[in-house]
Each structure stands twice: as C-alpha cells, then as structure tokens.
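Notes follow the structure.
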Amino acid sequence: MSKPTSSAPSLDSLKRSREQDLEQRPVEEKEEPSAAAEPATEAISPWHPSQFPDGGKDALLCLLGTFCALYCSFGWLNCVGVFQSYYQANQLRDYSPSTIAWISSCEIFVMFFPGPIVGFFIDNYGPRWVLVFGSFFHVFGIMMTSLCKEYWQFVLAQGICSPLGLNCIFTCATSSITTWFFKKRGAAFGIMAAGSGLGGIIFPIMTTHLIPKIGYGWTMRVAAFMILGLLIIANLTIKSRLPPRPRQFELRVFWEPFTDIRFVMTTASSFLFFLGLFIPINFIETQALAGGMSRRLATYLIPILNSASIFGRIIPGILADKVGRFNMQMVMSFFAGILVLALALPASGNAAFIAFAALYGFASGAYVSLAPAQIAFISKVEQIGVRTGVLFSAVSFAGLAGSPIAGAIVIRDHGKFDGLSIFAGVLLLAGATMFVFTRQVVAGWKIFVKI
C-alpha cells in the first residue's frame, strides 16, 4: 500500500513563500517601521509671522472697533484738564486745586494699575465679556458723574468707576489688535491711537460748548450716550484671532520682571517722567486763565495739545525704527522737560500758551508709543504683555501723586504757577536723565548705536 501524500507544506516551501511575500510587499509597507521612527512635523505656531492675516474683513473690523475703543477711553482721559478748571470755578469751588486734582489723579491711577489683572482675565476668557464689563462701568460712571454734587461722589464716579471701565476697554483693544497684524502692526497701532487723539479733540470742545447751553448734567449724559454708541460698535467688532489660553494666576509672574536690571532701570526712568507728565496737561487751562487768557480761548488749549499728540505718537515711533527706541525716548523726554522750563515757566501771553500746548502735546505723546516698544526691546516675546502691564501699573502710582503735589505747590505760592512749572520740568528732566543711564545699562556708552 502506498503512503499517502501529506498536505502540510515543507519547511523549505515556507521559507520560499516568506521571501516572496517580502519581495511583493509595497514599498510603503517595508518602510513603515522607519517612517514611524521619524518625528512628526510640528504645527506652525499661530504667533508665527506667516499666520497673521494683516488684513481682511475681520481684521479691519477689529481695527475699526479698537479706534472707537481708544476714542472712548484715552480720548476721554485726555480731557481731564477741562474738568480741573471747571470744578475749581463751579461745583467744587470751596476745595483747593490740590484736593480737586485727586479726582483726575485717581482716574489716571485706576486707568493703568489693574492692567496685569485685566490682561489675565482676557488671556483666560477672551476679550468679549471683559469688554462688556468695561463698557458698562465706563458709561455708568459718566452717568453717575452727571448727578454728582459732593466731592466724594466725584471721586467714586469719575475717579474710580469710569476709569475701571477705561482700563478694561483699553486692554481689550490693544491685546486683540495684536493678534491680527504683524507686518502692518505699526500702521494698525497708529490708526488705533488716532482714535484717542480724535477723542481728545472732540470731548473738550464738546463739553465746553454744551455746558453753557444745556448744563453740566446733560452735557455729561450726551457724552455718555455718544460713548455708548461707539462702544456698541467696539463690542460687535473687537475679537481676538486666537482662542483663550487658560493659565493659573501666579503673583510671581508680576515680580519676575524686577529681577532684570534693564527693566528696573526702564521702570524707574518712566516713574520719574510719569510723575511730571500729566501736570502741565491737567493745569494748562487753569494756568492760562491765571495768565490773562480769555476763558473762550483757554478751552481750546487741551484740543490743541491733543491734536499735536497724534503726531507725537506716530512720527517719533517711525523715527525710532531707524535710530532706536531708547535713543528716541531720551531725546523726546529732554525736549518735554526743556519746553516746560523754557516756555511754560515764563509764559505770559496767548501765543506762548498756544505754542506750549502744541509742542508739549507732541513731546508728551511720544512716551505712550515708545514705552511699550522699549519693553519689547529688552524682553522675550512671551514676556512683553506681562512686562508692559507691570510697567504701567508701577508708573500709575506716579500719575496718582503728581497732580495733587502740583496743586499743593500752587496753594503754597498763592495761586502762582512758577513753582508748579519748575516741579514738573525738573521731574521730566530727571526722567530723561535716568533714560540716559538706562541706555548705558542696556548697550553701554556707545553713542552711535541703534537701541
């Protein structure tokens, strides 16, 4: 009987079959292990320059919204000098200029101090609800100011409530527009800043012309309704291109910048300069009236100053790209201090006060645009936002103290403004001198260096 043939494959046939399978396998299957070993291509960061649209409908709408936001925030803040003069002659005439100046000083302080905290909420929740919150408090504060009769009411409504909203509006605008523009960021910031300059022109003229016609209360309400309309546009158009980046609140983040000597020197320079910066702005109308200028003409000094500040924010910024941020800040700071001592101190006629308003507006406007650029120069990209907020929080204490001290000097000098001008001018020059030493810390004593 013959032996049956086995159906199981032999060992040799299995080897040959395995070799044929390997030869016939697709190339991508053979290379699969090595492909898996290679790292995956990293996604491009949304902060990469190529990811910024630098235009388009959403970007332009956001730019429109930030223009309206700056008109309502910094534009309103820029007319504090009008209220200093008006309150001295009307509702608060029984109070000293130094006491009245605490209203505008609180306004400046609250406008800048909460910046890092507001920025934290924007990072975690986005700008929408922070902007709604700020819009409500700003409009509500002005409406309540229209009803104020007592000094403490003005402090609460105009000095605390309204500027708390101002800070939220301003921070939302600046943080949102940054996410849409990179190559054209300078132009975008210039257009946005022009809103504050325009508001600083319109609001003083509007208030001084409406108060005699419809009264103080309704003038403030008209201003509040105008601001409400513009803030509705801002709330509908301002948004961030990037989603919120939730993070824990850590106090050390706000102290870490002070471990960098360059930041410490920049902050110290800004503190001295800021201490004197708002004094001429707050008292220019009162000083001009004391110098013999008619009230009708004096009411135009603040609009003239704010008109010139538009150019002061744009032109020095453009020049700073060529000669350096610290170099330009140094020059403009010395210019501001010299103007106060050489022009405001001996001023005695209409022409002198008008010339000072225009020139000082140009010189003082430069600080607002150059200070963040200085911080950006000495910081890593991820540090710029926090460090800028910490800088303005620190200098807000200078803004709080400057005007009341200046008002006390006027009282001591029995209504004369020479001491006030000397005080402001010396502080501005001290800040400018500190900027010189700050530049030395950053780059040494090399003169012809762009920094």
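The values are calculated or read from the model by the stated rules, or taken from the named source; none is laboratory data. This structure is a prediction, so every number in the text was calculated from the model and none was measured. Every residue, glycine among them, receives a Cβ derived from its backbone with ideal geometry; neighbour counts consider all protein chains shown.
Within segment 334-350, is even one residue of a type in the set (F, W, Y), under 20 Å from the mean Cα position of the chain (by Cα) and in the same structural domain as D418 (by TED's automatic domain parsing)? No, there is no match, as no residue in segment 334-350 is of a type in the set (F, W, Y), under 20 Å from the mean Cα position of the chain (by Cα) and in the same structural domain as D418 (by TED's automatic domain parsing). Condition check for N167 on (1) at pLDDT below 90; (2) buried (at least 20 other Cβ atoms within 10 Å of the Cβ): one failure, at (1).
Kindly establish whether F392 is of a type in the set (A, V, I, L, M, F, W, C), at pLDDT 90 or above, buried (at least 17 other Cβ atoms within 10 Å of the Cβ) and touching a helix residue (DSSP H, G or I) at 6+ places or on another chain (Cβ under 6 Å). Walk me through how you get there before you give the answer.
Working: of a type in the set (A, V, I, L, M, F, W, C): yes; at pLDDT 90 or above: no; buried (at least 17 other Cβ atoms within 10 Å of the Cβ): yes; touching a helix residue (DSSP H, G or I) at 6+ places or on another chain (Cβ under 6 Å): yes.
So F392 fails the test.
Taking the numbered list (1) aromatic (F, W, Y); (2) in contact (Cβ under 8 Å) with a residue 60 or more places away in the chain; (3) in contact with a helix residue (DSSP H, G or I) (Cβ under 6 Å, 6 or more places away or on another chain) in turn, F83 passes all entries but (3). Among the conditions (1) outside any helix (DSSP H, G or I); (2) at pLDDT 85 or above, L275 misses just one, which is (1).
Quick test for you: out of I302, I284, I354, pick the one residue that is surrounded by fewer than 23 Cβ atoms within 10 Å (Cβ to Cβ) and either in a helix (DSSP H, G or I) or of a type in the set (A, V, I, L, M) (or both).
After ruling out the rest, the residue left standing is I354.
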